Amino acid sequence: MKNITVIGAGTMGNGIAHTFAQFGYQVSLVDVSQESLDRGVATITKNLDRMLAKEKISEANKLDTLNNISTFTDLKEGAKNADLVVEAASENEKIKLDIFKTLDEVCPSEAILSSNTSSIPITKIAAVTNRPAQVIGMHFMNPVPIMKLVEIIRGYNTSDETTNKIIEMSKHLKKVPTEVNDYPGFVANRILMPMINEAIETLYTGVAGVEEIDTVMKLGMAHPMGPLQLADFIGLDVCLSILEVMYDGFKNPKYAPCPLLVNMVRAGKMGVKSGEGFYDYSESRKAEKVSQQFN
Ligand SMILES: NC(=O)c1ccc[n+]([C@@H]2O[C@H](COP(=O)([O-])OP(=O)(O)OC[C@H]3O[C@@H](n4cnc5c(N)ncnc54)[C@H](O)[C@@H]3O)[C@@H](O)[C@H]2O)c1
């Protein structure tokens, strides 16, 4: 597999494109938005510059990586030569199903189609194609160039051959592939989201404040980040939608999203991306923090 098509140039897509390109693959990065493509390539360049400054890569590595990436706004054009597709478009079932229908029509018949979805069943995505044995989940973690795990999700019909090829490919990217089956939340979010939800419930019921909850988990459990801050980084809307998928999928009240999470999302508090979640990330607050440091 040499030609990789990555769909979506957002947070995950640009990291996935960066990683494949750095390991010598030809990457076609596709997004409906030219602005997202430009932003994605700018992020990859900035991240490569950071690696260069830390002497983790050479100037030649940086240029080779950038030269390995081409950008497209037309899905058919960007996917027609793919050996492997990694879809990382917005977490919306209709968008993903439409993309996979098109991919099945335009990609070479032997191409493997994968999705980076956090919660949409791989079996459902595979069912809109005529090649369900060649559809699989490749769940990378953010930030992709740094995080080692790739959760490999086998759909109901995914073949051993497809799974083995994707495991080998992930190892070639110096990642640690871990095979799991296709049930709501897979493994990563099945365990992480109830913890985040419980942290929110702990706040909601007044057991402790935001910083206290995060401090307990950071210092007591050696987590690099507290669960409430992590939720802000993931996006509170994303956490809510994953919990809803698990609640709906298992019909078990233990996955019911905390009413505080529901309310915060309704109020537009999405975490880092909206400037406020459990913590304040607004420009004025950042400026205030900087001025405090100088006082
Ligand atoms: N953010 C995370 O921490 C994280 C972690 C693991 C997995 N994921 C999953 O990765 C996927 C992408 O998430 P993200 O955080 O990068 O989202 P994002 O919002 O940052 O980026 C999504 C991109 O998809 C593009 N897009 C939308 N419709 C498209 C279409 N039809 N064709 C091509 N591009 C299209 C958008 O323009 C946008 O640039 C989701 O499935 C998400 O669940 C996210």
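Below are the figures for this structure:
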read-out	value
Rounded percent of accessible protein surface that carbon and sulfur make up, the chain, 1.4 Å probe	53
Mean-position separation - Cα centroids, segment 7-83 and segment 206-272, in angstrom	31
Flagged links, alpha-carbon separation over 19 Å, of Lys101/Lys124; Lys80/Lys101; Lys2/Lys54; Lys101/Lys171; Lys94/Lys124; Lys76/Lys124	Lys2/Lys54; Lys101/Lys171; Lys76/Lys124
Student exercise, segment 197-283 dipole from Lys, Arg, Asp, Glu Cβ charges, in Debye to nearest 20	260
Heavy-atom accessible area per residue - the chain, 1.4 Å, Å²	50
Cβ-Cβ FRET estimate between Lys2 and Lys273, R0 fixed at 51 Å, reported to 0.05	0.90
GNM top mover of Lys269, Lys101, Lys251 - the chain, alpha-carbon springs below 10 Å	Lys251
Accessible-area order (highest first, 1.4 angstrom probe) of the listed residues Lys124, Lys148	Lys148, Lys124
Heavy atoms of Arg154 accessible to a 1.4 Å probe, total area in Å² rounded to 10	50
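The values are calculated or read from the model by the stated rules, or taken from the named source; none is laboratory data. As the structure is a prediction and not an experimental result, all values here were calculated from the model. So basically every Cβ, Gly included, is an ideal-geometry build from the backbone, and we count neighbours across all protein chains shown. Heavy atoms of the whole protein, side chains included, go into the accessibility calculation; ligands, DNA and RNA do not. Shrake-Rupley method; radii C 1.70, N 1.55, O 1.52, S 1.80 Å.
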